[in-house]
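Student: Would you mind keeping the following structure in view while I ask a few things?
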Amino acid sequence: MATTSSDRILSLDVIRGIAVMGIFSVNVVGMAMIERAYFYPPAYGFDGLGDRIMWAANFIVVDGKFRSLFSILFGASMVLVIERAVAAGKAGWKVHYARMAVLLLFGLAHFYLLWWGDILANYALVGMIAFAFWRLPAQGLLLVAVLALGAMYVPDTVGGLERIARFEAKAAPTATPEERASYERQVAERIPSAQVLAEDKAAHASIPAHVRSTIEHQPWRPFNSVPGYGLETLGLMLLGMAGYKSGFLTGAWSRRRYALVAGVLVGASLAVYGYGAWRILVADFAPLTYFPWDQVYVTPMHPFSAIGYSALILLVARPGAVADRFAAVGRAAFTNYLGATLVGTVVFYGFGFGLYGELSRGEAWLIVPVVWVVMLLWSKWWLDRFRYGPFEWAWRCLARWRWEPMRKGALSAPAVA
């Protein structure tokens, strides 16, 4: 599916569109209830069968994988924009860093004003680092990507296994009373008290309340994300650059090669995550089972899953009306990502419908298909009439520091971003 227009590559847009839709499937939980429930489901809103079904579906198919896919596409788009800027006689670094600076402002506004789960600030900050590698050939980019991911996953996995061993020792029959008490205290801390829930709900009563709470409790979180998981983001972006330069993400490979990659990687992903979900469900989310599987064992699978998903999408998506719908979502991915947060916060926060903390995990997820349908309907309708999504247009204007024509047919400078 290598079909292109004068300034678009259909395959990149389709994959990006599917990725941004998938991300909302897990993000909605973080918007609907206390953050602890996002990372440990029994913490809140997790009493019914539907909650477990939705958790399992997201764990097996979506969580971590679509964010990785989105990061890969960000890297591919980054090198595409820089190449086009250079071809147009512009300084690639000026175009790139202007875009990243504006993206950082959007990300910080997203985080401080609306939601703790922003990824845009992390993308902007890491994107400033990733620029150093864009000239490398595909093989070089792949090598640096593997090194970055290895530098992230190996220490994290080793450290995670050590923490699990210490945690298990505290719960063992041979543990001392002090160790056992420490274990029980750590488990109890996973479940928020009534006071903590009340304070959390009050922090989501209005935008000013959210801003005050965020500045008080986690003022540097967007910047701490770089040492926290920046190596993973960098590795994924470089994988995207390599995928673009090698032709993998542009549909240039043979169907047989895409089928092989999809079959092996998607099959392995579903098997590993499926087994992990089964173990967690059987253990009824006991911490000694849940946390190793959720935070240690499967995390290094994320890039492989994302690459497999890319191959599968490229294999099954053919140019036509359906692909055009998903491509439009991808062309307006920035608007759709921020728009999904706006919808979620209006539905859940106190300045909107006030459903924050009122729904279970499964109930909150029911808005996801509605938002997906809206994305598929509005994106193509809008882009049939306008050059860019609303937030894409604002990003472009601010990065170029000039007013850009919005409606199709208006005169504008050659597109490079």
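Student: What residue, of 208, 222, is in contact with a Leu (Cβ under 9 Å, 6 or more places away or on another chain) and either hydrophobic (A, V, I, L, M, F, W, C) or closer than 30 Å to residue 357 by Cβ (or both)?
Tutor: Result: 222 is the single residue among 208, 222 that is in contact with a Leu (Cβ under 9 Å, 6 or more places away or on another chain) and either hydrophobic (A, V, I, L, M, F, W, C) or closer than 30 Å to residue 357 by Cβ (or both).
Student: Taking the stretch 264-300 as the region of interest, how many residues are charged (D, E, K, R) and either assigned to a helix (DSSP H, G or I) or buried (at least 20 other Cβ atoms within 10 Å of the Cβ) (or both)?
Tutor: 2
Student: So which of 149, 103 is assigned to a helix (DSSP H, G or I) and either under 30 Å from residue 398 (Cα atoms) or modelled with pLDDT under 95 (or both)?
Tutor: From the options 149, 103, the qualifying one is 103.
Student: Note down all Cβ pairs under 6 Å where the first residue falls in the stretch 163-176 and is free of Cβ contacts under 8 Å to residues at least 24 places away in the same chain, the second is of a type in the set (S, T, N, Q), and they're at least six residues apart or on different chains.
Tutor: Listed by first residue and then by second, the contacts come to 170/182.
Student: Which one of the conditions (1) part of a helix (DSSP H, G or I); (2) modelled with pLDDT of 95 or more; (3) crowded, with 16+ Cβ neighbours inside 10 Å does residue 157 fail to meet, given that it meets all the rest?
Tutor: Of everything listed in (1) part of a helix (DSSP H, G or I); (2) modelled with pLDDT of 95 or more; (3) crowded, with 16+ Cβ neighbours inside 10 Å, residue 157 misses just condition (3).
Student: Take the residues in the stretch 45-69 that are out of contact with any Lys or Arg (no Cβ under 7 Å at 6 or more places or on another chain) and of a type in the set (D, E, K, R), then tell me which one is surrounded by the fewest Cβ atoms within 10 Å (Cβ to Cβ).
Tutor: If we take residues in the stretch 45-69 being out of contact with any Lys or Arg (no Cβ under 7 Å at 6 or more places or on another chain) and of a type in the set (D, E, K, R), then 47 is surrounded by the fewest Cβ atoms within 10 Å (Cβ to Cβ).
For every residue, the table says whether it meets (1) crowded, with 17+ Cβ neighbours inside 10 Å; (2) within 16 Å of residue 17 (Cβ to Cβ); (3) free of Cβ contacts under 8 Å to residues at least 40 places away in the same chain.
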| site | (1), (2), (3) |
| --- | --- |
| 343 | yes, no, yes |
| 356 | yes, no, no |
| 361 | yes, no, no |
| 365 | yes, no, no |
| 384 | no, yes, yes |
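The rows are residues; the columns are (1) more than 21 Å from residue 16 (Cβ to Cβ); (2) part of a helix (DSSP H, G or I); (3) over 23 Å from the mean Cα position of the chain (by Cα); (4) not aromatic (Phe, Trp, Tyr).
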| residue | (1), (2), (3), (4) |
| --- | --- |
| 212 | yes, yes, yes, yes |
| 216 | yes, yes, yes, yes |
| 227 | yes, yes, no, yes |
| 250 | no, no, no, yes |
| 262 | no, yes, no, yes |
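Student: Another question, if that's okay. Can you tell me how many residues in the stretch 386-403 are surrounded by fewer than 19 Cβ atoms within 10 Å (Cβ to Cβ), within 23 Å of residue 327 (Cβ to Cβ) and aromatic (Phe, Trp, Tyr)?
Tutor: So the answer is 2.
Student: Quick check: anything in the stretch 237-244 free of Cβ contacts under 8 Å to residues at least 60 places away in the same chain and either within 27 Å of residue 306 (Cβ to Cβ) or not in a loop (DSSP other than H, G, I, E, B) (or both)?
Tutor: No, the conditions are met nowhere in the stretch 237-244.
Student: Quick one: how many residues across the stretch 88-104 are touching a residue at least 60 places away in the same chain (Cβ under 8 Å) and of a type in the set (A, V, I, L, M)?
Tutor: Residues in the stretch 88-104 being touching a residue at least 60 places away in the same chain (Cβ under 8 Å) and of a type in the set (A, V, I, L, M): 6 in total.
Student: Would you check if residue 318 is among the charged types (D, E, K, R), touching a residue at least 60 places away in the same chain (Cβ under 8 Å) and either buried (at least 21 other Cβ atoms within 10 Å of the Cβ) or farther than 27 Å from residue 103 by Cα (or both)?
Tutor: Yes: the conditions hold for residue 318.
The values are calculated or read from the model by the stated rules, or taken from the named source; none is laboratory data. The structure displayed is predicted, hence computed values, not measured ones. Using ideal geometry, Cβ is built from the backbone for each residue, glycine included, and neighbour counts are taken over all protein chains shown.
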